[in-house]
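The next block holds one structure in the form of structure tokens; read it before the comments.
The values are calculated or read from the model by the stated rules, or taken from the named source; none is laboratory data. It should be emphasised that the depicted structure is a prediction, and the values quoted were computed from it without experimental measurement. Note: ideal-geometry Cβ built from the backbone for every residue, glycine included; neighbour counts use all protein chains shown.
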């Protein structure tokens, strides 16, 4: 695509205008070679339906003539202390990973400049631009950084999260071979023992709307039971979180993204893995397993099954998302990183908000380190 005519940046303020972008949005996602469920139109629209009441839509679009060539999926929100933030659409308790601007490769520099101009011209409307969980591979991060710095704004950018992932070979056997003999033996032994003791144990994937509802119920129950026994709230303690993911699972089924796997014995689901497949990437999001079946390692068996299915269907990456849990590190082959990009508007109000939000935290950390040394 050649840049032959002037591009126009526009802010979408009404959700109806956002809705109308759906076909163009996902086509742009593909042209930008972004394989991420958290940036699909369906995910963000569902997020807005559940969480958007406390925000204003600040999504910015760039068009060349009639063609959509860039999107910054943003929202504006006011914190309890009055600070006005511009953040990623989808940010919050559902913890999206590897976020980015959606831009056709030919228009990255132009979109970064236009974004910088817009934020500068509207600097009286926001205090802090707080963009978290940006993918390390974003070609836009440095361009946006430079565009904002050109106005004398101070940009804070650093790694915030480590995200294990497995680069997948052509076959599951080749993947297992690289994991070591101890892992292979334990997996094979657990498989044999489970099928010996329970020949009717079944691996499956939810493929109808009714089955998705049933398996999702099991996921939420198993996840919550395990974490509440440990004295922790668990992800599905939040009603909004549960409502969002139940609805998104159905959307994901309809659009072909959802991969909701389970092990079922008799009539009981003993393990569930909640994943999405976008392009060549399998994305693991959440899981639950019945700890009464721990001696059969049903959680690990189902994880191995999801990895095998990823290999069989041609995925090249299995993304565990953020978190350095031991099982993720064991099954991963490498890590991605998530970055933040934060900027304070030049007003006194914004600088004071920045000091309260970020500098005080750093001062406290420094004092704690000094006291520990003492």
Inset, instruction - Note down all Cβ pairs under 6 Å where the first residue falls in segment 220-232 and is in the same structural domain as residue 244 (by TED's automatic domain parsing) and farther than 23 Å from residue 247 by Cβ, the second is assigned to a helix (DSSP H, G or I) and at pLDDT 90 or above, and they're at least six residues apart or on different chains. - result: 226/291
Inset, instruction - Sort out for me the helices (runs of 4 or more DSSP H) sitting completely within segment 287-361 that have 3 or more residues that are free of Cβ contacts under 8 Å to residues at least 60 places away in the same chain, surrounded by fewer than 19 Cβ atoms within 10 Å (Cβ to Cβ) and in the same structural domain as residue 97 (by TED's automatic domain parsing). - result: 348-354
Inset, instruction - Look at segment 135-170 and say how many of its residues are assigned to a strand (DSSP E or B), touching a helix residue (DSSP H, G or I) at 6+ places or on another chain (Cβ under 8 Å) and under 23 Å from residue 356 (Cα atoms). - result: 3
Legend entry - Those residues of segment 39-61 which are over 17 Å from residue 122 (Cα atoms) and in contact (Cβ under 8 Å) with a residue 40 or more places away in the chain, in sequence order: 39, 40, 42, 43, 44, 46, 47, 48, 49, 50, 51
